[in-house]
Amino acid sequence: MLTPVHEPRIAAFFDLDKTVIARSSTLAFSRPFFQGGLINRRGVLKSAYAQFVFAASGADADQVERMRAHLTTLCTGWDVEQVRAIVEETLHDIVDPLVYAEAAELVAEHRAKGHDVVVVSASGAEIVAPIGRMIGATHSVGTRMVAVDGRYTGEIDFYCYGENKAAAMRELADAHGYDLAACHAYSDSSTDLPMLEAVGHPSVVNPDRALRRVAAERGWPVLAFSKPISLRSRFTVPSGTAVAVTAIGLGAVATAGAAWYGYHRRKRR
């Protein structure tokens, strides 16, 4: 009797910022956080500078790590319920117009082939998850922050960045039976090399200079995404997708803040 042959389970892993959406998912909330009293005017200005530089280039690993500790301190003591309310009220208005049409189409193509779609991002898990659901992702992984008595402690339970992204992907593969050699991954940043190297079919999207060089050396496909669209024109967004938001996406804030730091460091030279 022949043993039935089972096709391997396949997933497509997507970075979020500048891969699925056109800007930093967390920096987009700087104004609502300011209006809610969580950050001051100086913080808003820093975010504006960071967004400008983030859109143009991105931050390297040293800059990200340098700013991570500073920005962890920034949110220490923030009220979880207040953050939840701000994100719940503004998520769709802020993020909805930012999704790349090309990314939405690619997600749809993978789903049509029976592939799972997974968003893996340094942004906070509670921001990544609703965005993932909006675009039709099967699973999502993001940075997890610690909260005690309803307030952020400033500690990070899991920083979904660099090698940790690849580790999270391997855990998902073990849990869901993915054959990583048959899986796909998409990212714009050289800091996501571990993520891209974890699968058999990596592709780069709007790559930074270092990642473009690696892609050329290894023959990886280079994709150009340039058309942000409204999700409402493509998807039916489930009600309540913005609820249960309990963290701020420190990872993306760190990335953006690091870009701001790098911009000013270059100006001083």
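Quick note: the coordinates plus some simple rules give every number you see, no bench work behind them. No experiment lies behind these values; they were computed from the predicted model shown. Glycine gets a Cβ as well: all are built from the backbone with ideal geometry, and neighbour counts include every protein chain shown.
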Likely footprinting exposure, Phe13, Phe158, fewest C-beta neighbours within 10 Å first: Phe158, Phe13
Would you list, by chain and number, the aspartates and glutamates whose Cα falls below 13 Å from the Cα of Lys18, excluding same-chain residues fewer than 8 positions away? Glu102, Asp188, Asp192, Asp208
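Taking 0.36 nm per intervening residue step and subtracting the Cα-Cα distance, what contour gain separates Glu163 from Glu217 on full extension?
Roughly 17.3 nm would be gained on extension.
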Residues of type aspartates and glutamates that Lys113 reaches as a straight line, Cα spacing below 14 Å, ignoring anything fewer than 8 places off in the same chain: Glu7, Glu105
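Extension gain Thr76-Val148, at 0.36 nm per residue separation less the Cα-Cα distance, in nm?
Gain on stretching Thr76 to Val148: 24.8 nm.
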Give the shape of the stretch 108-224 as rounded, prolate or oblate, defined through the alpha-carbon gyration tensor: a ≥ b ≥ c are the square roots of its eigenvalues, a/c under 1.5 means rounded, and otherwise the shape is prolate if a/b is larger than b/c and oblate if not. prolate
